[in-house]
Amino acid sequence: MTSKNENIQPFNIKDCAILNIATGVRAKNLKGLRDKLLTVHPESILYHFWAKKLRPGFEEPEYNNDFATWAYNNLHDIKLAERLSLINPGTFDIQGLRVKLIEVVELSLEENNSDLKTKEGEQFQFIRSEVVVFNTQHMISNPEELKELLPALAPGSIYFHFIDSKNSSGDISSWLLQFGDEYSKLADQLSKLDPYFFTLTELERKVSQIFKDFLKGANQ
Amino acid sequence: MSDLLNAYQRVAGKDAVDHLQQLSAPMKGAKFVHVNSTRVGGGVAEILMKMVPLMNELGIDTSWEVITGEDKFYQCTKSMHNALQGDPVNITSDLLKAYEETNAKNAETLRPILEDADYVIIHDPQPAPLLSLCPNRKGKWVWRCHIDASKPYPPVWNYLSQYVKDYDASFFSLADFAQQLPHTQYLIPPSIDPLSEKNMELSQAEIDSTYEEFNLDRTRPIMLQVSRYDRFKDPIGVIQAYKLVKQSIPEIQLVLAGGGATDDPEGEEVLKEVRDSAGNDTDIHILLLPPDAHKTINALQRLSDIVLQKSLKEGFGLTVTEAMWKGKPVIGGNTGGIRLQITNHHTGFLVDTPEGAALRIQELLQNPDKMKEMGKQAKEYVRENFLNTRHLREILSLFTILDNQSKS
């Protein structure tokens with residue numbers, strides 16, 4: 001399948017890095033976490049769900065947000081960690097996400113009948129971040145080129161294009177739609193892809209597979 | 001691309017250098033000044049020694065200024081350092097006067113450079129008052145705190161914060177260290193330079209000569225701690241751990257390698273305590289190295305089986321990262337930045353006591369495959385997180401954000 005529209009601007013693949021910022025908001029126990037969640041800046045809540053994907057590390061992979069990891073590592077509450085880990089930020093708006101987090105934490109507070117505390121130095125530190133975006137040398141002219149390039153992209157590029165910029169100019173789905181109505185199906189599949197439960201490597205593989213399947217079908 | 005940037009690209013990757021070039025492009029020709037209080041000894045000097053040339057290579061007109069003072073100034077700043085790490089130290093008004101006067105005197109010399117600079121980073125408490133002494137400054141000023149200030153002694157922090165609060169931003173190694181300040185506090189861990197004498201690859205001949213120089217037996221296991229003779233580095237705790245290991249592995253050797261920083265007046269006193277604790281044990285090697293013994297430290301880290309950094313307080317232990325870069329598992333104190341550097345049970349171990357250290361030393365010495373695997377993971381972890389290309393990228397990003405805020 002080739003481009004039907006030669007006027008479509010090439011798409012510049014970006015890369016990104018995050019710069020962390022201390023909010024000064026901390027929780028040393030579960031009750032403290034609940035209290036801080038009531039008021040902490042929304043960006044900080046989102047940070048603790050998503051930024052983990054750009055941080056190389058060896059943390060327990062089954063806990064895919066910072067709240068769950070903290071509950072497991074510092075409060076030693078596996079039940080709470082599992083419940084927190086199940087919260088998918090993609091299924092809530094920010095206020096709904098905040099409410100859901102508080103609900104799960106309050107349930108644990110009720111069940112434990114006592115407030116779980118951490119040792120010194122193991123407080124939950126609320127952080128937010130700024131995303132710094134870089135150009136890369138990669139300029140693609142059509143979806144086929146993107147399919148070939150995907151496995152070689154840096155983790156920051158995968159994060160930027162398939163998580164961070166889904167609603168901005170870095171969104172690949174919007175670019176694909178310029179190639180004609182037949183690409184709406186591909187764009188739709190990408191839009192429906194929920195990146196939360198994948199590492200960036202897994203996400204790249206998923207995206208690659210979607211491209212391969214679509215382009216194979218389109219070329220037959 | 002210059003030879004230097006090519007060399008970084010070979011070690012850190014193309015993207016790392018490319019990001020630096022993109023971030024530095026709008027800063028080409030801009031004047032960037034770093035200020036600290038010592039040109040040799042200690043982690044800050046080591047970072048600047050390599051970061052300043054790299055920044056110049058990227059086209060940013062970067063200089064490194066050092067403030068100087070008399071004994072009372074260093075007594076004051078050492079007390080301040082200890083107080084920020086939590087010691088309840090009351091600093092006399094006489095010493096605080098020396099601190100203020102020394103900064104005022106240094107400002108007379110540095111004012112033209114600092115007021116003309118587009119970007120200034122003031123490192124640690126020693127030169128913090130310089131901002132208030134440069135009223136006609138035109139650039140962005142950022143205060144960098146390298147210290148574990150998670151629980152500072154309040155009277156000393158309150159005194160210092162009067163100088164820090166007016167900076168455009170500050171940055172700390174960990175969120176735990178950040179304090180209440182009226183500006184944005186960024187989180188940027190420090191780094192090592194993979195091309196420096198301290199971290200470059202060495203020939204086997206260079207390593208062999210280090211065994212001979214310090215009379216170390218290459219057929220027996222060696223544990224090492226490299227750090228200033230400072231109580232917060234817990235050299236006595238390391239000797240205790242060594243003595244515990246010695247009971248089951250009598251052939252173990254311990255090397256304590258340290259030097260003095262010119263801004264640390266307590267070093268000699270602690271060194272004496274360490275010598276007393278070691279007694280007549282000929283397998284304990286207490287080395288007092290000159291500040292430029294980078295290759296010696298490099299060789300010691302490479303020839304050791306296990307590296308320790310059993311600090312009780314630590315902003316960020318560069319020696320931890322250095323040893324990890326050489327593929328060594330590190331046993332570190334469960335404190336401060338070391339928690340960020342060592343991933344417990346993956347790239348080394350975090351310990352709270354000499355007993356804990358002794359346990360892990362024995363565990364590793366008895367399991368060479370585990371030691372090798374941990375060391376391999378440690379090196380890759382440093383490559384991804386703690387090289388100075390990442391560090392500089394974050395510093396340049398910080399100033400880019402400040403510039404953008406001014407424009408909007």
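Looking at segment B:312-328 only, could you name the residues that are open to solvent by less than 10 Å² (accessible area, probe 1.4 Å) and either farther than 19 Å from B:PHE386 by Cβ or modelled with pLDDT under 95 (or both)? Even if it seems obvious, please write down each step before you answer.
Of segment B:312-328, the ones open to solvent by less than 10 Å² (accessible area, probe 1.4 Å) are B:315, B:317, B:320-324.
Answer for segment B:312-328, where residues must be open to solvent by less than 10 Å² (accessible area, probe 1.4 Å) and either farther than 19 Å from B:PHE386 by Cβ or modelled with pLDDT under 95 (or both): B:GLY315, B:GLY317.
For B:ILE67, which of the numbered conditions (1) modelled with pLDDT under 95; (2) closer than 21 Å to B:PRO291 by Cβ; (3) of a type outside the set (Ser, Thr, Tyr); (4) open to solvent by less than 60 Å² (accessible area, probe 1.4 Å) fails to hold?
Of (1) modelled with pLDDT under 95; (2) closer than 21 Å to B:PRO291 by Cβ; (3) of a type outside the set (Ser, Thr, Tyr); (4) open to solvent by less than 60 Å² (accessible area, probe 1.4 Å), only one is false for B:ILE67: (1).
Across segment B:19-47, what is the number of residues that are open to solvent by less than 40 Å² (accessible area, probe 1.4 Å) and either of a type in the set (A, V, I, L, M, F, W, C) or free of Cβ contacts under 8 Å to residues at least 40 places away in the same chain (or both)? Please lay out each step first, then the result.
The initial filter retains those residues of segment B:19-47 that are open to solvent by less than 40 Å² (accessible area, probe 1.4 Å), namely B:19-20, B:23-24, B:27, B:30, B:32-38, B:41-45, B:47.
Then drop every residue that is not either of a type in the set (A, V, I, L, M, F, W, C) or free of Cβ contacts under 8 Å to residues at least 40 places away in the same chain (or both), which leaves B:20, B:23, B:27, B:30, B:32-33, B:35, B:44-45, B:47.
Qualifying residue count for the region: 10.
Within segment A:200-220, which residues are open to solvent by less than 70 Å² (accessible area, probe 1.4 Å) and either farther than 15 Å from A:ILE140 by Cβ or of a type outside the set (Ser, Thr, Tyr) (or both)? Full working, then the answer.
The initial filter retains those residues of segment A:200-220 that are open to solvent by less than 70 Å² (accessible area, probe 1.4 Å), namely A:200, A:203-204, A:207-208, A:210-211, A:214-215, A:217-218.
Answer for segment A:200-220, where residues must be open to solvent by less than 70 Å² (accessible area, probe 1.4 Å) and either farther than 15 Å from A:ILE140 by Cβ or of a type outside the set (Ser, Thr, Tyr) (or both): A:LEU200, A:LEU203, A:GLU204, A:VAL207, A:ILE210, A:PHE211, A:PHE214, A:LEU215, A:GLY217, A:ALA218.
Among the residues of segment A:101-113, is there at least one that is at positive phi and either outside any loop (DSSP other than H, G, I, E, B) or within 11 Å of chain B (Cβ to nearest Cβ) (or both)?
Looking only at segment A:101-113, we keep the residues that are at positive phi, and these are A:113.
Checking the rest, the ones that are also either outside any loop (DSSP other than H, G, I, E, B) or within 11 Å of chain B (Cβ to nearest Cβ) (or both) come to none.
No: zero hits.
Out of (1) assigned to a helix (DSSP H, G or I); (2) under 19 Å from the mean Cα position of the chain (by Cα), what's the single condition that is false for B:LYS370?
Result: B:LYS370 fails condition (2) only.
Applying the selection to segment A:132-144, what residues are surrounded by 15 or more Cβ atoms within 10 Å (Cβ to Cβ) and either among the polar types (S, T, N, Q) or away from chain B (no Cβ under 14 Å) (or both)?
Matches in segment A:132-144: A:THR136, A:ILE140, A:ASN142, A:PRO143, A:GLU144.
Listed here are the residues, each with its yes/no results for (1) farther than 22 Å from B:ASP208 by Cβ; (2) assigned to a helix (DSSP H, G or I); (3) touching a strand residue (DSSP E or B) at 6+ places or on another chain (Cβ under 8 Å).
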| residue | (1), (2), (3) |
| --- | --- |
| B:LEU287 | no, no, yes |
| B:ASP292 | no, no, no |
| B:ILE297 | no, yes, yes |
| B:GLN301 | no, yes, yes |
| B:THR321 | yes, yes, yes |
| B:ARG339 | yes, yes, yes |
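Before we move on, is B:ARG220 touching a strand residue (DSSP E or B) at 6+ places or on another chain (Cβ under 6 Å), within 30 Å of B:TYR153 (Cα to Cα) and open to solvent by 50 Å² or more (accessible area, probe 1.4 Å)? I'd like the intermediate steps shown before the answer.
Numbers: touching a strand residue (DSSP E or B) at 6+ places or on another chain (Cβ under 6 Å): yes; within 30 Å of B:TYR153 (Cα to Cα): no; open to solvent by 50 Å² or more (accessible area, probe 1.4 Å): yes.
For B:ARG220, the condition - touching a strand residue (DSSP E or B) at 6+ places or on another chain (Cβ under 6 Å), within 30 Å of B:TYR153 (Cα to Cα) and open to solvent by 50 Å² or more (accessible area, probe 1.4 Å) - is not met.
Give me the helices (runs of 4 or more DSSP H) completely within segment A:154-212, filtered to those with at least 2 residues that are out of contact with any Pro (no Cβ under 9 Å at 6 or more places or on another chain) and away from chain B (no Cβ under 14 Å), ordered by residue number. Please lay out each step first, then the result.
Details: elements: A:155-159, A:172-177, A:184-192.
Answer list for segment A:154-212: A:172-177, A:184-192.
Would you check if B:GLY332 is modelled with pLDDT of 95 or more and either open to solvent by 10 Å² or more (accessible area, probe 1.4 Å) or touching a helix residue (DSSP H, G or I) at 6+ places or on another chain (Cβ under 9 Å) (or both)? Working first, answer last.
Details: modelled with pLDDT of 95 or more: yes; either open to solvent by 10 Å² or more (accessible area, probe 1.4 Å) or touching a helix residue (DSSP H, G or I) at 6+ places or on another chain (Cβ under 9 Å) (or both): yes.
For B:GLY332, the condition - modelled with pLDDT of 95 or more and either open to solvent by 10 Å² or more (accessible area, probe 1.4 Å) or touching a helix residue (DSSP H, G or I) at 6+ places or on another chain (Cβ under 9 Å) (or both) - is met.
If A:ARG128 satisfies all but one of (1) more than 14 Å from chain B (Cβ to nearest Cβ); (2) more than 20 Å from B:GLY13 (Cβ to Cβ); (3) not in a loop (DSSP other than H, G, I, E, B), what's the number of the condition it fails?
(1)
Is there any pair linking a residue in segment B:174-194 that is within 11 Å of chain A (Cβ to nearest Cβ) and in contact (Cβ under 8 Å) with a residue 40 or more places away in the chain to one that is in a loop (DSSP other than H, G, I, E, B) and hydrophobic (A, V, I, L, M, F, W, C), with Cβ under 8 Å and at least six apart or on different chains, and which?
So the pair list comes out as B:LEU174/B:PHE316; B:PHE177/B:ILE147; B:PHE177/B:ALA149; B:PRO189/B:LEU174; B:PRO189/B:PHE316; B:PRO189/B:PHE386.
Give the number of residues within segment B:380-408 that are within 13 Å of another protein chain (Cβ to nearest Cβ) and touching a residue at least 12 places away in the same chain (Cβ under 8 Å). Steps first, answer last, please.
Quick first cut of segment B:380-408, residues within 13 Å of another protein chain (Cβ to nearest Cβ) only: B:380-387, B:389-405.
If we keep only those that are touching a residue at least 12 places away in the same chain (Cβ under 8 Å) as well, we get B:381-383, B:385-387, B:389-400, B:402-403.
Number satisfying all stated conditions: 20.
Whether any residue in segment B:332-353 is under 25 Å from B:LYS246 (Cα atoms), away from chain A (no Cβ under 14 Å) and of a type outside the set (Val, Ile, Thr) is what I want to check.
No, segment B:332-353 contains no residue that is under 25 Å from B:LYS246 (Cα atoms), away from chain A (no Cβ under 14 Å) and of a type outside the set (Val, Ile, Thr).
The values are calculated or read from the model by the stated rules, or taken from the named source; none is laboratory data. For clarity, every value in this text was computed on a predicted model and none was experimentally measured. All Cβ positions, glycine included, derive from the backbone under ideal geometry; neighbour counts span all protein chains shown. Just so you know, the surface numbers come from the protein's heavy atoms only, side chains and all, with ligands and any DNA or RNA stripped out. Shrake-Rupley method; radii C 1.70, N 1.55, O 1.52, S 1.80 Å.
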